[in-house]
Amino acid sequence: MLDAWMRRRIDPPLDRAGRVLARAGVPADAITLAGFALGLAAIPLVAAGWHWLALAALLANRLADGLDGAVARHDRVSDLGGYLDIVCDFLVYAGLPVGFALLDPASNALAAAVLVFSFVGTGSSFLAYAVIAAKRNETTEIRGRKSLYFLGGLTEGTETFLFLAAICAFPCAFVWLAYAFAAACWVTTVSRMLAAARAFRD
């Protein structure tokens with residue numbers, strides 16, 4: 001929901017940085033994988049109770065997620081790059097709640113499980129729509145130039161980052177924040193299913 005607003009503000013500086021990195025020969029996929037490693041590092045940091053370090057790792061992960069696409073646009077946009085980008089994103093999104101479950105299983109495990117279940121809904125509804133849209137030769141640049149068909153929703157990348165940042169900053173509120181965001185994820189999933197029913201009805 002907020003991605004279009006956010007992109008108008010962050011794309012110009014990211015584009016400038018991406019141009020510099022592309023000219024220096026830095027591969028976009030290397031930035032993706034480095035960012036993925038930083039995102040994964042946030043999981044044990046959360047489990048150890050080092051929430052501010054986890055937040056720093058998450059911020060670095062999101063910066064890399066913006067830079068890899070900017071570099072690719074100045075070098076070469078590839079299907080592999082798009083694949084790595086989306087897979088790494090979803091793994092980091094689902095991994096951070098696992099860190100909270102490890103931190104305090106008795107208090108957090110159920111909320112973390114519900115949240116990961118909800119992420120499966122948003123992820124599968126997004127990717128399944130993209131697959132069918134590609135099969136039908138449909139394209140969109142609603143969120144800029146992407147490797148996949150991008151279908152929006154209530155919980156897009158910006159909202160997910162804000163949520164993950166919030167649970168790192170306020171770990172005592174994890175359970176309630178997790179249930180609230182899980183509910184928002186299901187609004188997104190249902191809205192995408194309804195969009196698919198309208199778009200793909202033969």
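Taken together, the values in this text are just the output of simple stated rules run on the coordinates, not laboratory data. Predicted model, so just to flag it, every value in this text is computed and none were measured. Methodologically, a virtual Cβ is constructed for each residue, glycine included, from the backbone with ideal geometry; neighbour enumeration extends over all protein chains shown.
Before moving on, here are some points about what is shown:
- Residue with peak Gaussian network fluctuation, the chain [Cα springs, cutoff 10 Å], from Arg62, Arg16, Arg136: Arg136
- Computed from backbone phi with θ = phi - 60° and the Karplus coefficients 6.51, -1.76 and 1.60, the 3J(HN,Hα) list for region 189-195 is 4, 5, 5, 6, 5, 5, 5 Hz; x is used for glycine and proline.
- Computed over the chain: relative contact order in percent, which uses C-alpha pairs under 8 Å that are six or more apart: 26
- The chain: most fluctuating residue of Leu80, Leu63, Leu115 per GNM, C-alpha cutoff 10 Å: Leu80
- Protection proxy ranking of 49-57, 35-43 - average other beta-carbon atoms within 10 Å, highest first: 35-43, 49-57
- A simple packing score, the average count of other Cβ atoms within 10 Å per residue, orders the peptides 153-160, 95-102 as 95-102, 153-160, with the highest score first.
- Counting neighbouring Cβ atoms within 10 Å and putting the fewest first, the residues Asp79, Asp202 line up as Asp202, Asp79.
- Rg/Rh for the chain, where both radii come from Cα atoms and Rh is the Kirkwood radius: 0.98
- One chain, two ends: Leu80 and Arg198. Fully extended at 0.36 nm per residue, the span grows by 39.5 nm beyond their Cα-Cα distance.
- Taking the helices alone, the chain has a mean residue ellipticity at 222 nm of -28000 deg cm²/dmol, built from -39,500 (n - 2.57) per DSSP H run of at least 4 residues and averaged over all its residues.
- Residues Met6, Met193 arranged by fewest to most Cβ contacts within 10 Å: Met193, Met6
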